1. Among SER24, SER42, which is the only one that is in contact with a helix residue (DSSP H, G or I) (Cβ under 7 Å, 6 or more places away or on another chain), more than 21 Å from ASN143 (Cβ to Cβ) and in contact (Cβ under 8 Å) with a residue 12 or more places away in the chain?
2. What are the residues in the stretch 93-116 that are surrounded by fewer than 16 Cβ atoms within 10 Å (Cβ to Cβ), over 16 Å from the mean Cα position of the chain (by Cα) and outside any loop (DSSP other than H, G, I, E, B), if any?
3. Between residues in the stretch 140-159 that are more than 16 Å from ILE115 (Cβ to Cβ) and residues that are assigned to a loop (DSSP other than H, G, I, E, B), which pairs lie under 8 Å by C-beta distance while being six or more apart or on different chains?
4. Taking GLY15, is it in a loop (DSSP other than H, G, I, E, B) and assigned by TED's automatic domain parsing to the domain that holds ARG122?
5. In the stretch 33-66, which residue that is part of a helix (DSSP H, G or I) and more than 15 Å from the chain's Cα centre (by Cα) is nearest to ARG22 (Cα to Cα)?
6. Those residues that are at pLDDT 95 or above and either of a type in the set (A, V, I, L, M) or more than 16 Å from TRP11 (Cβ to Cβ) (or both), I need them from the stretch 33-42; list them, please.
7. Suppose the filter is under 24 Å from SER42 (Cβ atoms) and over 12 Å from the mean Cα position of the chain (by Cα); does GLY119 pass it?
Amino acid sequence: MAHTYTATVAWTRNGEDFLDRRYSRGHVWRFDGGVEVPASSSPLVVRVPLSRLDAVDPEEALLASASSCHMLFFLDFACRAGFRVDSYEDAAECLVGPRPDGKIAVTKVVLKPAIAFSGDKRPSEADLADLHHKAHEHCFIANSITAEMVIEPPPPVFA
């Protein structure tokens, strides 16, 4: 089953010269439902004030998408297995650097989901590994990117 998703990315010059390359990289992302997200190039790529510190950059968005997708599948598989998840927080990271062909890319995504469980049924280490494996295998974003993806969860917390 195919789905179509849409996003509007909007930028305006706002009277800047533009041809001197000193234009703002700040822009906005618009999604269905009316959500608007301030966006910019990464300040690590284009220095402030031409980039915005208070906006999401494409690298962060890719990382958040990968983390969010993994989490949503993990929660679904945990629920189906009868494990009560109380919280899930991922301090995810990604590495941007040269690929073997010399092009700059997101080369590694590291997910570090801290998960708290409660209830009588507790997942074993093998259960957790299986849940993460299934989540990774089903994640649309993980299936779409070529970066290495690593999952390094700390030990779970049980209430």
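1. SER42
2. GLY97, PRO98, ILE104, ALA116
3. Every condition considered, the pairs that remain are MET149/ALA142.
4. No.
5. GLY34
6. Those that are at pLDDT 95 or above and either of a type in the set (A, V, I, L, M) or more than 16 Å from TRP11 (Cβ to Cβ) (or both): VAL35, VAL37, ALA39.
7. Answer is no for this residue.
The values are calculated or read from the model by the stated rules, or taken from the named source; none is laboratory data. What you are looking at is a predicted structure, and each value in this text was computed from that prediction instead of being measured. Positions of Cβ are backbone-derived with ideal geometry, glycine not excepted, and every protein chain shown enters the neighbour counts.
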